[in-house]
1. Name the most mobile residue of 69, 374, 42, meaning the one with the largest mean-square fluctuation, in a Gaussian network model of the chain with Cα contacts below 10 Å.
2. From Cα pairs below 8 angstrom and at least 6 apart in sequence, can you work out the relative contact order of the chain, rounded to a whole percent?
3. Among 415, 410, what is the fewest-to-most ranking by other Cβ atoms within 10 Å?
4. For 243, 197, 191, what's the fewest-to-most ordering of other Cβ within 10 Å of each Cβ?
5. Compare the peptides 378-389, 14-25 by average per-residue count of other Cβ atoms within 10 angstrom and give them in order, highest first.
6. Compute the separation of the alpha-carbon centres of region 350-403 and region 185-215 and state it in Å as a whole number.
7. Which of the peptides 32-39, 358-365 is most tightly packed, and how do the rest follow, going by the mean number of other Cβ atoms within 10 Å of each residue?
8. Report the gain in length on full extension from residue 191 to residue 408: 0.36 nm times residue separation, minus Cα-Cα distance, nm rounded to one decimal.
């Protein structure tokens with residue numbers, strides 16, 4: 001549940017619908033689904049297996065399966081690179097999560113009759129963004145300092161079902177509004193000519209890795225917390241299925257809601273058909289939808305954004321866990337001291353992005369999610385496929401699944417991550433550069 005909580009977050013409900021709307025709707029959806037199961041799931045299995053075998057932070061776990069000094073140096077680059085990537089993702093993630101918390105508080109200010117506070121909470125400003133970003137990071141640090149079982153797992157188990165319930169209720173409401181069917185068609189009926197567009201494929205691959213927290217050392221760390229009795233094959237499949245399902249459901253809400261908002265006079269697309277304000281799309285479309293509900297919309301808006309803030313929290317605590325676990329094990333720091341120190345560093349990076357929002361926000365997102373995560377995920381596949389001895393790898397997976405040696409998974413997965421994943425990810429990037 002902690003791993004699923006990490007996977008389910010703003011990547012599903014903020015990132016996926018935005019990327020879908022920006023990259024051809026249904027064509028992006030198909031590319032995302034194919035890449036999630038054909039490339040992201042095998043990479044997820046590689047990271048979980050490395051983590052459970054190593055029983056340590058990402059750098060130490062990768063070094064345990066290395067056989068030469070050169071491989072151990074490579075292990076440090078991949079593991080530490082993932083930690084840096086996780087920290088950078090959290091720095092922009094905290095900003096978006098701050099927007100979510102602000103949108104949660106705004107209906108309360110409206111009900112209290114404070115128009116000034118309501119306006120401040122709903123409009124982009126440096127002061128608002130700084131305050132709520134800092135608040136979100138402090139909340140993340142407070143939970144992480146309590147550890148996985150008492151912090152992450154407890155929150156994930158309680159709050160994910162509530163998020164699903166409100167998503168489905170909102171979908172039913174949206175489908176009854178004018179313009180919803182046009183949005184549903186854009187989401188589910190693909191233009192097959194654009195599916196192989198290199199830019200679309202890079203975005204879909206990056207979204208699959210971002211959504212599953214791959215290439216950031218997070219899943220290696222969560223793998224280290226998994227009992228040897230657990231079936232890694234089915235556990236990885238469950239996490240992937242939950243993540244993809246939540247993203248698909250979020251698309252069923254957000255994409256039709258865009259067209260509902262457009263029918264109500266909200267400007268969504270430019271004259272040339274391009275999406276306006278990609279980064280803040282959700283914060284334009286959904287408030288317009290809730291406004292159309294009248295007074296009850298204030299309560300629905302509060303519940304939705306509150307649950308979205310919680311979904312953001314389950315992912316952010318996993319991203320902070322990556323550098324914290326390394327600092328605790330490598331430098332023998334106390335968990336509380338390491339968490340607060342790293343939290344302060346990430347807050348400073350977030351504030352730097354906010355002060356240079358126009359130039360840094362999109363750049364950090366592109367560097368980490370479109371390039372950093374898939375490349376680091378590919379490196380983990382190379383470790384498992386080419387460096388880790390096959391018998392040792394099989395013995396690790398057999399501990400929770402004794403029959404795996406004769407399964408279809410074992411007949412396909414080892415050579416798949418050895419050849420197919422690196423070649424496929426490499427081809428996607430080469431085609432994007434050439435394009």
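1. Judging by the Gaussian network model, the answer is 69.
2. Relative contact order here is 35 percent.
3. On the way: 415 10, 410 17.
Placing the least packed residue first, the sequence is 415, 410.
4. Numbers: 243 27, 197 20, 191 12.
Fewest-to-most ranking of 243, 197, 191: 191, 197, 243.
5. Values: 378-389: 20.3, 14-25: 22.7.
Top of the packing list down: 14-25, 378-389.
6. Between the Cα centre of region 350-403 and that of region 185-215, the gap is 18 Å.
7. On the way: 32-39: 19.9, 358-365: 14.4.
The peptides rank, most packed first, as 32-39, 358-365.
8. On the way: separation 217, 0.36 × 217 = 78.12 nm, distance 3.34 nm.
Length gained between residue 191 and residue 408: 74.8 nm.
None of the figures in this text is laboratory data; all of them are computed from the coordinates on show. Just so it is clear, the structure is predicted and the values come from calculations on it, not from any experiment. As a convention, Cβ positions derive from the backbone with ideal geometry for all residues, glycine included, and neighbour counts pool all protein chains shown.
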